[in-house]
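Derivation of every value follows stated rules applied to the coordinates shown; laboratory data play no part. All of these numbers come straight from a predicted model, not from anything done at the bench. Cβ atoms come from the backbone with ideal geometry, glycine included; neighbour counts cover every protein chain shown.
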Amino acid sequence: MPRGPRKRSSSGVYHVMLRGINRQLIFESDDDRYQFLSILKHLVDGKKCIIYGYCLMDNHVHILIQELEDDISTVIKRLSASYVLWYNKKYERCGHLFQERFKSEPVESDPYFMSALRYIHQNPLEARICQEILDYKWTSYKEYIKDPIIVDVELCLSLFSLNRDKALEMFVEYMNEKNDDEFPVFKEYVKLNDSEVLDKIRGLGVKNISDFQKLEINLRNRYLRELKRTKGISIRQLARVTGFSKATIEKI
């Protein structure tokens with residue numbers, strides 16, 4: 001079935017997600033992330049786009065971006081092509097790195113802009129990588145509260161208040177606020193692979209699946225509840241990885 005045309009934004013602003021092909025890692029080291037951000041900054045300096053927010057995860061990237069002289073498809077093509085060329089040379093590989101068609105959602109209103117930026121900054125929290133937004137190094141959050149390097153912070157802050165100190169205070173409160181924001185267009189992109197689920201289990205302090213299965217039942221159930229709440233992990237997948245039945249996990 002042919003894919004429909006990309007939804008165009010009258011504002012020129014988009015919430016974009018780039019994902020590794022077959023959900024593979026696109027960043028294997030901090031140097032990789034620095035390189036990606038360097039390319040992003042080059043595009044900003046060249047007036048190809050404006051960046052309002054970003055989050056670099058292991059196998060996908062969120063960007064809140066405004067197109068300028070080039071349309072969004074051209075900008076993302078420049079970004080991905082430059083990074084893949086560098087990445088393939090570094091790791092002595094060839095071929096695609098990103099899924100062929102990136103996901104995008106037009107941003108047509110101030111409320112959507114704000115919620116999209118919060119969603120981007122809270123992505124590591126949803127993935128249970130950190131406890132606080134500030135703890136994760138690879139988002140634009142610190143550019144807002146410290147020194148902007150890539151991101152244009154003025155638009156967002158002006159939506160809170162024309163008083164800079166007040167705007168920053170309100171920004172921090174809003175970005176850390178619990179919410180029910182949903183972006184269905186990106187939902188399929190947050191599925192974790194089995195290796196990533198195992199990493200989550202190890203992150204709970206459990207060395208391997210055998211040890212997980214031997215845990216005291218209350219502790220085991222607590223961990224299973226945490227894993228069930230983690231975005232991108234299905235009950236069927238959790239049953240397959242842990243060895244517990246689907247019915248058992250559903251009851252917890």
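What to note about this one:
- 0 to 90° range, to nearest 10: angle between helix 30-45 axis and the chain longest Cα axis: 20 degrees
- Sorting 104-112, 15-23, 127-135 by average packing, meaning the other beta carbons within 10 Å per residue, from highest down gives 15-23, 104-112, 127-135.
- In this simple spin-label approximation, residue 29 and residue 166 carry label points 7 Å from Cα along the Cα→Cβ vector, and these lie 4.8 nm apart.
- Tail weight of P(r) past 19 Å, computed on alpha-carbon pairs of the range 145-229, percent: 63 percent
- Angle in degrees between helix 217-229 and the longest Cα principal axis of the chain, rounded to the nearest 10: 30 degrees
- For the range 59-65, putting each phi into the Karplus relation 6.51 cos²θ - 1.76 cosθ + 1.60 with θ = phi - 60° gives couplings of 10, 7, 9, 10, 9, 9, 9 Hz, in residue order, rounded to whole numbers and with x for Gly and Pro.
- Under-14-angstrom lysine pairs by C-alpha in the range 1-158, whenever the two are 8 or more apart or on separate chains: 4
- Using R0 = 22 Å, the C-beta based FRET efficiency linking residue 202 and residue 130 works out to 0.90.
- Normalised convex hull volume, the range 96-168, alpha-carbon set, Å³ per residue: 130 Å³
- Residues in the range 144-151 carry Karplus couplings, in order, of 6, 9, 10, 10, x, 10, 10, 8 Hz; the curve used is 6.51 cos²θ - 1.76 cosθ + 1.60 with θ = phi - 60°, and Gly or Pro positions show x.
- Gained length - residue 81 relative to residue 152, 0.36 nm times residue gap less alpha-carbon distance: 23.2 nm
- Net length gained if the chain between residue 176 and residue 41 were fully extended (0.36 nm per residue, minus Cα distance): 46.0 nm
- Ranked by how many other beta carbons lie within 10 Å on average, peptides 192-201, 136-145, 86-95 from highest: 136-145, 192-201, 86-95
- Dividing the summed helix terms, -39500 (n - 2.57) for each DSSP H run of n ≥ 4, by the number of residues in the chain produces a 222 nm estimate of -13500 deg cm²/dmol to the nearest 500.
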